[in-house]
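The values are calculated or read from the model by the stated rules, or taken from the named source; none is laboratory data. Computed from a predicted structure; not experimentally measured. Cβ placement follows ideal geometry from the backbone for every residue including glycine, while neighbour counts extend to all protein chains displayed. Calculation scope for accessible area: heavy atoms of the full protein, side chains included, ligands and nucleic acids excluded. Shrake-Rupley method; radii C 1.70, N 1.55, O 1.52, S 1.80 Å.
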Amino acid sequence: MSGFDLIIFDCDGVLVDSEIIAAQVESRLLTEAGYPISVEEMGERFAGMTWRNILLQVEKEVDIPLSASLIDKSEKLLDARLARDLKIIEGVKFALSRLTTQRCICSNSSTHRLDMMLEKVGLKPYFAPHIFSAKDLGADRVKPKPDIFLHAAKQFDVSPSNVLVIEDSVHGIHGARAAGMRVVGFTGASHTYPSHADRLTDAGAETVISRMTDLPAVTAALSEWAGAV
């Protein structure tokens, strides 16, 4: 292997520090609905999942009917918080300036939210027009399903086995691995927790980094190792 053909970045918790904001909004809404949960537990259990799928999971666990209006309420609250408080992950622009491989974003966030977040932190020019939302494929095709990753590989006409994915969540890593791709885990966002790196490794990440400035060197090292996926 002389190098990767494509690097896929997750967005939330990898490029922008948004997962902690989502955990704050969603933990409050769930607690008010009768399902007490801390911000830390939200990040540990549900990072990388859509709000809709989080609600479905909670309903399976407890006999609490969750109103469909919670979806709209969360969207409005979260959009307002992101527009006000969102910050870029430190070191992202440095890493992108050093990586010459073609790249894209594969996210569970909506196209509308991706556009807003990337514009706010100045990252849209680094990826446009290759910014893909799993929700555009269908509500039943979001991560941890591999669909969005395979969609991206198809757009670039590359083999999944020669794609590297950067993910911060177990759900995202499961999707990337199911797509036959190699994965680097990332734990440098504010929602990280003590067992984060171990869980990403257990999910299938080949290595885990906590600083985005380390990504170019790690990518170069991994590109020299054609280990079986």
Quiz item: Between LYS73 and THR101, what is the label-to-label distance in nm when each label sits 7 Å out along the Cα-to-Cβ direction?
Solution: 4.3
Quiz prompt | Selected from CYS106, THR50, LEU66, residue furthest toward positive end of dipole (the stretch 40-106; charges at beta carbon) | solution = CYS106
Self-check item: Dipole magnitude of the chain about its Cα centre (Cβ charges: Lys, Arg +1; Asp, Glu -1), debye to nearest 20
Solution: 500
Quiz item: Between ALA197, ALA176, ALA139, which gets the highest mean-square fluctuation from a Gaussian network model of the chain, Cα cutoff 10 Å?
Solution: ALA139
Quiz item: Per residue, how much accessible area does the stretch 187-229 show when a 1.4 Å probe rolls over the protein heavy atoms, in square angstrom?
Solution: 51
Practice problem: Take the Cα atoms of the stretch 84-168, find their three principal axes, and give me the spread along each one in whole Å, biggest first. | Solution: 30, 29, 23
Practice problem: Give me the percent of DSSP beta bridges within the chain that run antiparallel, rounded to the nearest 5. | Solution: 5
Self-check item: Of every Cα-Cα pair in the stretch 134-229, the percent that sits beyond 24 Å
Solution: 20
Exercise. Determine the share of the chain's accessible area contributed by carbon and sulfur atoms, expressed in whole percent, with a 1.4 angstrom probe.
Key: 51
Self-check item: Among SER38, ALA176, LEU137 - extreme Cα towards positive end, dipole of the chain, charges at beta-carbon
Solution: LEU137
Self-check item: Accessible area per residue, Å², the stretch 1-60 with all protein chains present, probe 1.4 Å
Solution: 37
Exercise. Quick one: among GLU19, GLU32, GLU206, which has the greatest mean-square fluctuation in a GNM of the chain with alpha-carbon springs under 10 angstrom?
Key: GLU32
Exercise. Before anything else, pin down the relative contact order of the chain: Cα pairs under 8 Å, at least 6 apart, normalised by residue count, whole percent.
Key: 28
Exercise. Would you please give the residues with an amide H less than 5 Å from that of VAL165, counting only those at least 5 places away or on a separate chain, with H modeled from the backbone geometry?
Key: ILE8, ARG182, VAL183, VAL184
